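Report on the structure given below.
The values are calculated or read from the model by the stated rules, or taken from the named source; none is laboratory data. Computed from a prediction, not measured in an experiment: that's the story for all the values here. Neighbour counts run over all protein chains shown; Cβ positions are idealised from the backbone, glycine included. The accessibility values were calculated without ligands, DNA or RNA, using every heavy atom of the protein model including side chains. Shrake-Rupley method; radii C 1.70, N 1.55, O 1.52, S 1.80 Å.
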Amino acid sequence: MTDFSVIGKPRGRVDGPAKVTGQAQFADDLHLPGMLFAKLLRSPVPHGRIKALDTSRAEALSGVVAVLTGKDLPEKYGILPVSQDEEALCTEKVRYVGDPIAAVAAVDEDTAERATELIALELEELPSYMTIEEALEKEGEPIETLRFGPNVHKAVSLEFGDVESAFAKADHTREDLFFYEGSTHLPMEQHAAVARWEPEGKVTLWSSTQTPHYVHRALAKVLGLPMNRIRVIATPVGGGFGGKSDPFNHEIVVAKLAIVTGKPVKLTLTREEVFYAHRGRHPTLMWVKTGVRKDGAITAMHFRSFLDGGAYGSYGVVSTYYTGALQTTTYKIPAYKFEGTRVYTNKPPCGPKRGHGTPQPRFAIEVHFEHLARELGMDPIDFRLKNLVEPFTYTANWLRITSCGLRECVEKVLEASGFRDKRGKLPEGRGVGFGLSAYMSGASLPVYWNDMPHSEVQLKVDRSGTVALFSGAIDIGQGSDQVLAATTAEVLGLEPEDIHLITADTDLTPIDLGSYSSRVTFMAGNAAIQAAERLRDQIAEAMAAKLDVPTDRVAFRNGRVMDAQRPEGGVSWEEACAVAEAAQGNLMSRGAYKPPELSGPYKGSGVGPSPAYSYSACVAEVTADPESGVVEVDKVWIAHDVGRSLNPTLVHGQVEGSVYMGLGEVLLEEQVFRHGLHKIPSMLEYKSPTTKDMPPIETILVETVDPEGPFGAKECGQGPLLPVIPAVANAVEDAIGARFHEIPITPEKVLSAMDKAARGEEPLIGPTSLPDYHLGEVLRVDPPDGKKVELFPMHEET
Amino acid sequence: MLRLPPFAYVAPSSVEEVVEALHTHGPDAMIVAGGTDLYPNMKRRQFEPKVLVGLANVPELRAIRGTPEAGLTVGAGATLREVSAHPVIQEHYYAVAKAAGLVSTTPLRNMGTIGGNLCVDPRCNYYDMPFPWRKAVGFCMKKDGDICLVAPGSPRCWALSSSDIAPVSLALEAKLRLIGPQGTRALEANDFYRDDGIEYLTKERDEILTEIQLPPAKGLRTTYWKLRRRGSFDFPILGVAAALTMDDGTVTRARLALGAVASRPEEVVEAREFLEGKEPTEADVHAVAEAAFELAKPLDNADGHFYWRKRMVRPYVQGALKELLRMGPPESWPREYN
Amino acid sequence: MAKRGLGKGRVKGESQDIWLRLMVNGRRCDVVAPVQKTLLEVLREDLGLTGTKHGCELGECGTCGILVNDLFVLSCLTLPVDIQGKEVTTVEGLAHNGKLHPLQQAFSELGAAQCGYCTPGFLMAAKALLDTDPSPTREAIQDGLSGNLCRCTGYLKIFEAVELAADRMGAERRKAATAPQVAP
Ligand SMILES: Cc1cc2nc3c(=O)[nH]c(=O)nc-3n(C[C@H](O)[C@H](O)[C@H](O)COP(=O)(O)OP(=O)(O)OC[C@H]3O[C@@H](n4cnc5c(N)ncnc54)[C@H](O)[C@@H]3O)c2cc1C
Ligand code: SF4
Ligand code: FES
Ligand code: FES
C-alpha cells in the first residue's frame, strides 16, 4: 500500500486552527467559578533541616482559605517505583533552594503570596553539595544515603564480553574526559495545574503534563485515594521537552487544596519556579576509552559517566543507564563496559530533557572518535563508516537493531554539505564538523512493569459518520494529535479533520503512557492503525454483503466506500457506516500496542531496548573568531532516518526544533549555580537562541520503512538533537584548532584555548580528572553473538 | 503570574503638572515613561513607589525638533523606535539611531523611551531577580540588604550602567535638560551620571528629564558598538560609543565612551589626546584601545565572563574608531557581535 | 469607588480601583480594576481573552505581545489606563467573520505552531511587521520577530509562514487592484 492519500503528504495539523486563534485552552487559561489561587513557600537554603514551621499568621490573613505543610502530605512519591524520594511539601529536610515547604490557597494570587511570606520558618543549614565532586568527596551530613554510599543515588557497572582481552587485541587505544553542562527545557508555558473537588467525592486535576497516567498514579498514592476517585486531564502542553513528565509537587498540592477547601484551586508557576521544577539535562562528567585495530575496527570501549542528579531521584536511575546504553546502537562495539554513577546534589532535580541521558555520551564519543581516527591516521568519517552498525543485528548489550538508514544519512549529509571539500580546507576561522546519532522510538518497557499495552485507542462512529478517537496521548507540540488523526484517516479513507479527538483524560480515554521517550507516534500510532483496521473490516464486511463482492475488494477512499474494481460506484462513508451499524449494531473498535519483549538476559537490560531506532547525521559549518572567542553557526545540514515520514511538514518541524535546542546547548544555555542558588532563573539571563541567532537548516529525510512502525514510521523529535552538539564542537576544532571536551562553548573558553595554543600547549578545554569513587562489582554479560533478529510486524499492509 | 505591587497612578498632561506631582508626593513618587525598565523592577520588588507619575499623556515630551546645523533636540518621551527610525538622526547622529535600534527587542523599543533609557536602573545579576530569589541569597545593599554580594567587602554598589544610549550621550557631549521645582537646568551628559550603583544619577528625585540636546552635526561622525551574546533581548555587556569631529582627514575633536563597564558610562579621556589634532594612525587607535582596556573593570555580575568582557574592549574600541576613521576595508576591522 | 480615568494629581491610598474604558478587538469593554493590573491580566482575567499568553511577565519573552493602535507591544508591561481610547488587537481579533487571517492560515498549514503557546505573540508581531512591510525579506522577518521566543520550532517554519502569508496577501492586493472598478 504505497498510494497513500494522507500519509506522507505535507499538511497542517488538526490542532492548528485552535492554536492560531487562541482557542486552545492551556492549563492557566482555565477559570472556574469560585476558584482559589495557590502559592508555595519555598526553601531559601540549599540544604537544611526544618526546625520550626508556624503557619498561624498566614492562616489568619484575610482571604486565606487553607494552608498546607508537609504533615498534610507525608507520603513520598517519585516517577520511578525504585526512587520514591520526593515529598509534595518537605517534612524534615529541604534539599535545594526552591524546594517547597508549605502551600497557601487564597482568594487571589497576591493574598496567597503575602500569606507565604507570613509563614514563620526556622531552618538549620546543612552543608551543601553543589557539584559531583562535592557530593562524592565533601564531608558532612549527606543529602541521602542509599546502598551505594553517601550522596550516591545510583551506581551501575556492566560489562558485555571480555573487555580486557578485547582491549589487548587493539593496536591502539585512546582515553578522553568530557563534561557536558546542565541545561533546562525552558518551555514557553510555565507549568500550571487546576484541581476541582467534585460533589460525588472525586477530584479532577487539569495539568500541563506529558504523563497524565503517571500523575494519576502519584496522586492516588500521595492523596491516599483509589485511582477511580481521581480524574486527570492533560491540557495542551505549551512545550514539554521532558520537563513536564514527572508528577510534580504543585499538582499534588492543588489537588489536596481542592479536597481540603472544596473549591477549585489553581497554581501556576512563575518563571523562576519553572527553573526549580527543572528535571533537565544532567551535568555529566565522562571518561571514554576505545581500542581499535590498525584497520580502524573497534575492538572494545569502556565508558564511565558521573551524573549530577540534583536533589531527587526523578528519572535518574534510567538517565544513568541511558548515558551508557545507546553507544552500541551506532557503532559495532564487540566488547563494551559501562560504569555509571548518579549523585545527589543540592540543586533542582535533573531528569529527562530531549534525548534523555544520550546527548552527553554522544557528544563525548563523536569528539573522541575524531581524535582517535586521526591518531590512527584515518579519516574520521571513514573511521566511522567502517564501524557503523548494520541493520537487523544485535548489539553487544542485547539491543535489537532493525531498520537502520545510518549509512545513507551519513552519505547524504556529507554530499549535501560538501563536507569532504570543506573539511580542513576552509579559510582560518571557518570550519565544518560532523556527528551522528541514534535514538529510541519509545522505550520497550513501561515505568511500572506489567503485561498490559502501552497505548490503546478506541474508535466510535456516530450517525453523522464522525469518527471519535479516544486516546490517552497528549499533544505537547510534537504533533501526536495529527499522527492519531492521520493514521486513522488513512486507513478509513477519510481526512484527518474528519476524526474527532478526545485525548488524555483518565476518565474517558484508554491508556497511553505519555509523551516521553519518543514513543507516541510509534505506539499510539500502531494502536490507532489497529483500531482503524478493525473498524474498516467491520464496515467492509457489511458493505461486501451489500455490494455483493468479496470483503477484500471493499475499498475506502476519499470519504467513500466502494468495490475496488468499480471505484466510480460505491456509497459515501456515512452511508457505509449506516449499512454497517444496521448489520452489526454500535460501530466501535479498539486497538492496542505493546512492544515486543526486547530486554536482554541481565538486570538493567530494561533501559535501551526500543522497537526501533531512528538515526541522524549532521554537519555544522561555523565561523569561530579567535580574537573574540565568538562561535557562530552558519549552517546546519541534517539527515534523519525517520522510517517513514508520516507528514513531512511535521517531521521537518521536529528536526528543526531539535537542531535549535542542540545549538542552544552547545553554545549558550547553562543551568548553573552560585552561592547555592540557581544563578540565573530568568528568561532574559538563561540564553535561549532568538530569531536572529538561528542559522538556516537543510533537512534531508531518509525513509527506511521500519517493519514494525506505524506505516513504517520511527521517531523524529529527539534524535536529531544529538549529533548537532558534537558537529559544532568538531567544526570549531576545524576552524581554529581549539578542542572542546566541554560544553557550552562560550567565548571565554575559546579565548582560553587560544591562549593555551599561544603558549604552545594543547588548546583543549575540558575536565582533567574524575572523582574518586569506586563502583561495586561489575555485572558480566555475554553478548548475544549470532542471535537472529526476530520481527513482530503489527499490520499486514505497512 | 508576577504582578505589580499596588500604587496610585497620576497621569498629568504637561511637564509642569509632572513637576508639581513629583513635588507633592515627594520621595514616594517615581516617574514612569515606557515602564519597560521600571515595571519589571517593580514586579521584582526592587522598587515599591507609592505613587507613579506617568508620562504617557505628556505629548510635549515626544517632540524631535531642530536641525543638524543648529543641533537636534530629542524629547525624553520619544520612543526608541521613533528615535532609531528618525531620518535626521539616522543620517547625522548615527550612533544614537544605532544604539536606540539595538536596545532589547522590537516591542520594547515600541514602548521604551530615550529618557527612560538614559535613566535605566544599573543592573546586576544579584539584584535583577525576583523577590524570593533575592531573599534566598540574602539581599544586597541596593535593595533590602546591607552588603554587596559581588564585592562583599565593598562599601558601595557596583551595579552596571546598562543603557545603550548613555555612553552615546557622553561621546556626543549631549546636553540634558532637567526641570524641577527649582526651575530648569541643562547638564552635560557626563555630569548626569554618578559612579555609584544605587545613586547613579545627579538628577534630583523631583526633577524630570525633558530633552536631550544633540550638538550641531557638522563634521561629526559617530558610531556605537554593542556587545551581547544574542542578537536580541540582551542588555549590552559592553558598549563603545565614539564621536569624532573631522576637518578633512584631521580629527578636531574626539570623544570615546564605554558603557556597561562600570556603574556609570565612562569617558576614555585619552582618546582626546591620542586622536585630536591629527590624522590618527593605526598606532594611535591601538593606544586608545589600550587606555580603554585599562579603564574597564567588569565584575562577575552580568552575562558573559568578566574576563571576556574586558578582553573585548580592545577590539571593540579599535573597530569603532576604524569605522569612523575609515581605516582600511571593513573586513579588516574586528567584528561586532550584537 | 471606581474612578473614571485619572486627572492630574488624583491620588488614592494604597490600591486604586479605576474604571477603564477599553477598545478591544473592535468592541468597547468597560472594566473596573486596580490601576496596577497590567493589560495582560485585564485581558485574561477580566475580559476572558485568554488567547494572549504569558511566559515571564517581565518583558523577556514576547509571548504576551498584542497590538495597540497597530503597534506591537507587550501587554505584561502595559497599564490599561495609559491606552484608553486606543485600539487593542489580540489574537482573538485576527480572524474576520470566521475566516482566518492569512497569517493564521499559514501558521496552521506550515506547522509554525507546534505547542502553540508562543503562537499568539508571534502572530501579532508578524501582523505588525506585515502592516508596515508587506513583503519582508527573511532578514526583516528575523528582525521583526526578534522580540519573541519560541522553544519548539527553531523559528524556520515561522519565517516560512510569514513569507507565505505575505505572498498570499500580496496576490490578494494585486487581484483587488486589477479587478474592474465598478462605478458607485
Ligand atoms: C528584556 C529587556 C531587555 C532590555 N534590554 C535593554 C538593552 O539592551 N539596552 C538598554 O539600554 N535597555 C534595555 N532595557 C531597559 C529598557 O527597556 C530601556 O532602557 C528603555 O529605554 C527604558 O525606557 P522606559 O521609557 O521604558 O523607562 P521606564 O521604565 O519608564 O523608566 C526607567 C527609569 O527612568 C526614569 N525615568 C523615565 N523617564 C524619565 C524622565 N523623563 N525623567 C526622569 N526620569 C525618568 C524612571 O523613573 C525609571 O527610574 C531592557 C528591558 C527589558 C525588559
Ligand atoms: S553590585 Fe553589589 S550591591 Fe550592587 S546590586 Fe550587585 S550585589 Fe547588590
Ligand atoms: S510575558 Fe514575557 S514578555 Fe510579557
Ligand atoms: S510552538 Fe511551542 S514555543 Fe513556539
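What the table shows:
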{"quantity": "Residues (facing another protein chain (nearest Cβ under 10 Å) and either open to solvent by 10 Å² or more (accessible area, probe 1.4 Å) or not basic (Lys, Arg) (or both)) located in region B:229-240", "calculated": "B:Arg229, B:Gly231, B:Ser232, B:Phe233, B:Asp234, B:Phe235"}
{"quantity": "Region A:400-449: number of residues that are within 21 Å of A:Glu708 (Cα to Cα) and of a type outside the set (Phe, Trp, Tyr)", "calculated": "19"}
{"quantity": "Single residue of region B:123-146 satisfying the filter (over 23 Å from B:Ala260 (Cβ atoms) and among the hydrophobic types (A, V, I, L, M, F, W, C)) that is nearest to ligand 3 (Cβ to nearest atom)", "calculated": "B:Phe131"}
{"quantity": "Helices (runs of 4 or more DSSP H) wholly inside region B:241-338 that include at least 2 residues being within 30 Å of A:His675 (Cβ to Cβ) and open to solvent by less than 30 Å² (accessible area, probe 1.4 Å)", "calculated": "B:306-311"}
{"quantity": "Matching residues, region A:738-783, being without any contact (Cβ under 8 Å) to a residue 40 or more places away in the chain, open to solvent by 30 Å² or more (accessible area, probe 1.4 Å) and of a type outside the set (Lys, Arg)", "calculated": "A:Ser752, A:Asp755, A:Ala757, A:Ala758, A:Gly760, A:Glu761, A:Glu762, A:Leu764, A:His774"}
{"quantity": "Residue identified as under 21 Å from the mean Cα position of the chain (by Cα), at pLDDT 95 or above, crowded, with 24+ Cβ neighbours inside 10 Å and not in a loop (DSSP other than H, G, I, E, B) among A:Pro361, A:Pro349", "calculated": "A:Pro361"}
{"quantity": "Any hit, region A:109-128, residues being away from every other protein chain (no Cβ under 13 Å), over 30 Å from A:Ile259 (Cα atoms), part of a loop (DSSP other than H, G, I, E, B) and free of Cβ contacts under 8 Å to residues at least 24 places away in the same chain", "calculated": "no"}
{"quantity": "Residue among C:Cys150, C:Cys76 that is over 23 Å from A:Thr649 (Cβ atoms) and open to solvent by less than 10 Å² (accessible area, probe 1.4 Å)", "calculated": "C:Cys76"}
{"quantity": "Members of region A:689-725 found to be within 14 Å of chain B (Cβ to nearest Cβ) and either open to solvent by less than 20 Å² (accessible area, probe 1.4 Å) or more than 24 Å from C:Leu149 (Cα to Cα) (or both), listed by number", "calculated": "A:Pro689, A:Thr690, A:Thr691, A:Met694, A:Pro695"}
{"quantity": "Test for A:Arg95: is it open to solvent by 10 Å² or more (accessible area, probe 1.4 Å) and modelled with pLDDT under 95", "calculated": "no"}
{"quantity": "Residues being acidic (Asp, Glu), farther than 21 Å from A:Leu668 by Cα and modelled with pLDDT of 95 or more - total across region A:184-200", "calculated": "1"}
{"quantity": "Filtered residue count, region A:476-493, keeping only those that are within 23 Å of A:His185 (Cα to Cα) and open to solvent by 10 Å² or more (accessible area, probe 1.4 Å)", "calculated": "3"}
{"quantity": "Residues satisfying the stated conditions in region B:79-103, i.e. in contact with a Leu (Cβ under 8 Å, 6 or more places away or on another chain), open to solvent by 20 Å² or more (accessible area, probe 1.4 Å) and in contact (Cβ under 8 Å) with a residue 40 or more places away in the chain", "calculated": "B:His92"}
{"quantity": "Selection from region C:61-85 of residues that are within 14 Å of ligand 1 (Cβ to nearest atom), within 12 Å of chain A (Cβ to nearest Cβ) and without any contact (Cβ under 8 Å) to a residue 60 or more places away in the chain", "calculated": "C:Cys64, C:Cys76"}
{"quantity": "Any chance A:Ala38 is in contact with a helix residue (DSSP H, G or I) (Cβ under 6 Å, 6 or more places away or on another chain), open to solvent by less than 60 Å² (accessible area, probe 1.4 Å) and under 30 Å from A:Asn647 (Cα atoms)", "calculated": "no"}
{"quantity": "Scan of region B:271-308 for residues that are more than 9 Å from chain A (Cβ to nearest Cβ), under 23 Å from B:Asp195 (Cα atoms) and not aliphatic (A, V, I, L, M), ordered by number", "calculated": "B:Arg272, B:Glu290, B:Phe293, B:Glu294, B:Lys297, B:Pro298, B:Asn301"}
{"quantity": "Top-ranked residue in region A:656-679 [being within 18 Å of A:Ala277 (Cα to Cα) and in contact (Cβ under 8 Å) with a residue 24 or more places away in the chain; ranked as surrounded by the fewest Cβ atoms within 10 Å (Cβ to Cβ)]", "calculated": "A:Val672"}
{"quantity": "Residue tally, condition surrounded by 21 or more Cβ atoms within 10 Å (Cβ to Cβ) and farther than 18 Å from B:Gln182 by Cα, over region B:17-40", "calculated": "9"}
{"quantity": "Candidates B:Ala11, B:Ala56, filtered to the one that is open to solvent by 40 Å² or more (accessible area, probe 1.4 Å), at the interface with another protein chain (Cβ under 8 Å from one of its Cβ atoms) and among the small types (Gly, Ala, Ser)", "calculated": "B:Ala56"}
{"quantity": "Subset of region A:582-595 (residues that are over 21 Å from the mean Cα position of the chain (by Cα) and not in a strand (DSSP E or B))", "calculated": "A:Ala582, A:Ala583, A:Gln584, A:Gly585, A:Asn586, A:Leu587"}
{"quantity": "Yes/no for B:Ala76 being buried (at least 19 other Cβ atoms within 10 Å of the Cβ), among the small types (Gly, Ala, Ser), assigned by TED's automatic domain parsing to the domain that holds B:Met111 and farther than 19 Å from B:Tyr127 by Cα", "calculated": "yes"}
{"quantity": "Meets criteria (farther than 30 Å from A:Arg463 by Cα, buried (at least 24 other Cβ atoms within 10 Å of the Cβ) and in contact (Cβ under 8 Å) with a residue 24 or more places away in the chain) for A:Pro601", "calculated": "no"}
{"quantity": "For A:Cys618: the one exception among (1) within 14 Å of another protein chain (Cβ to nearest Cβ); (2) out of contact with any Cys (no Cβ under 7 Å at 6 or more places or on another chain); (3) farther than 26 Å from A:Phe179 by Cα", "calculated": "(3)"}
{"quantity": "Residue in region C:41-51 that is farthest from ligand 3 (Cβ to nearest atom), counting only those that are closer than 19 Å to C:Gln84 by Cα, within 8 Å of chain A (Cβ to nearest Cβ) and not basic (Lys, Arg)", "calculated": "C:Gly48"}
{"quantity": "Flag for B:Pro107 being within 16 Å of ligand 2 (Cβ to nearest atom) and not basic (Lys, Arg)", "calculated": "no"}
{"quantity": "In region C:130-162, the residues that are over 28 Å from A:Ala27 (Cβ atoms) and either of a type in the set (Gly, Ala, Ser) or in contact (Cβ under 8 Å) with a residue 40 or more places away in the chain (or both)", "calculated": "C:Asp131, C:Ser135, C:Ala140, C:Gly144, C:Ser146, C:Glu160, C:Val162"}
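Let's see how each residue does on (1) within 16 Å of ligand 2 (Cβ to nearest atom); (2) closer than 25 Å to B:Glu207 by Cα:
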residue: B:Met111; (1), (2): no, yes
residue: B:Asp121; (1), (2): yes, yes
residue: B:Lys143; (1), (2): yes, yes
residue: B:Cys148; (1), (2): yes, no
residue: B:Gly153; (1), (2): yes, no
